[in-house]
Amino acid sequence: MNDKAFFFFFTFYDTDAKLELCLCTDIQEPILVKGGEMTSKLPLAGLKRWQWWVLVALNIFFLIAGQSAAVLLGRFYYDQGGNSKWMSTLVQTAAFPILFIPLFRLSPSHEPSTISASPSIVTLTIIYFLLGVLIAADNMLYSVGLLYLSASTYSLVCATQLAFNAVFSFFINKQMFTSLILNSVVLLSLSASLIAVNDDSGEPSGASKLKYAIGFICTLGASAMYSLLLSVMQLTFQKVLKKETFSVVLEMQIYTSVVATCASVVGLFASGEWKTLSGEMVSFGKGSVSYVMTLVWTAVAWQICSVGVVGLIFTVSSLFSNVISTVALALVPIASLIVFHDQMNGVKVIAMLLALWGFASYIYQNYLDDCEARRTIVNANETLNDSSV
């Protein structure tokens, strides 16, 4: 749960150029609205309909597979004897060079034109540095949480990020706090509370009640910080960058990942954990080769997830990307039950059902908002056409 998903609540909107990327509620291809008039589709206009659906399906696979694999591999690293929290933090952003591939392949002609002025290098450097440091701190909290919690419990607690996001979006991004959103916040809070008071939550063997409490608090705090990062980044796009093309979104993730990776490396050496890595590799349950491959593929999985998130935002919408991410969160407990044989008692099942209910409430509210926004655009377009006639 690193910066892999910070794009969830972004919308493609350019204040100066008055461009907006809209999506039909039945997941049609995106439409460009310019000055209230619907025109041709954006960068995907050259794709046939079946090609567009294949691209969407591929990005969905990247997001679900990447996020699920990263969490399970992170739990596997700890189960087999890995104990470096900073190494677990580092791998969440270390594979950022993978993102240069889609960035370099994206030519300027494929980007929607915009006349908004870019912020200065100094401003961008400060923004990327501060966000990167916060991402590194957030990743560290998630690493501690995954160390002391089972994969299923960890994922259920992570689900509270939607509730935190609703609160931060209300205060920072001025988004409405409706009854459905309130219902989502309450249900997700109840789900997390059930996990917190459950004595048989399936914590890793050897973890004491104190460590379990520390893991729960760290995961909850990381979810809150992650949601705060989402809102702050959305505000940055709206007030500072003032454009949200595919390349700009990729650049944001790459440069913040560079800072987060450097901060993790500094933490790894400053904490002295680097001295234990060689012994950790030798004593790893599945062998030294498995140790290296676990870290490598964990890092790759996080970035595959990032590619899926960015791809869904670019091809469909930020709302749809958020929906798929929450589906992945719901699938991890099931996958951990199969892979690690995590306990799935009645309390945890109820917590999962409450979390899914909370997801559904949150998603349905965003669906209603999307429908309302589209009706407003269509009505404005009709009014414009009538006045023209």
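Structure data summary
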| quantity | calculated |
| --- | --- |
| Once the Cα gyration tensor of the range 50-99 is diagonalised, semi-axes √(5λ) in Å | 29, 13, 5 |
| For the range 346-388, the fraction of alpha-carbon pairs in successive 5 Å shells from zero, as % | 6, 20, 12, 13, 10, 8, 9, 6, 6, 4, 3, 2, 0 |
| Ordering of 118-127, 344-353 by burial proxy (mean other Cβ atoms within 10 Å per residue, highest first) | 344-353, 118-127 |
| Carbon plus sulfur fraction of accessible area for the range 248-303, probe 1.4 Å, in percent | 74 percent |
| Accessible carbon and sulfur surface of the range 114-164 relative to its total accessible area, %, 1.4 Å | 82 percent |
| Packing-based order for 226-238, 361-373, 170-182, using average beta carbon neighbours within 10 Å, highest first | 226-238, 361-373, 170-182 |
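The values are calculated or read from the model by the stated rules, or taken from the named source; none is laboratory data. Quantities reported herein were computed from a predicted structural model and do not represent experimental measurements. FYI the Cβ positions are ideal-geometry reconstructions off the backbone, even for glycines, and counts take in every protein chain you see. Protein only, heavy atoms only, side chains kept; ligands, DNA and RNA dropped before computing areas. Shrake-Rupley method; radii C 1.70, N 1.55, O 1.52, S 1.80 Å.
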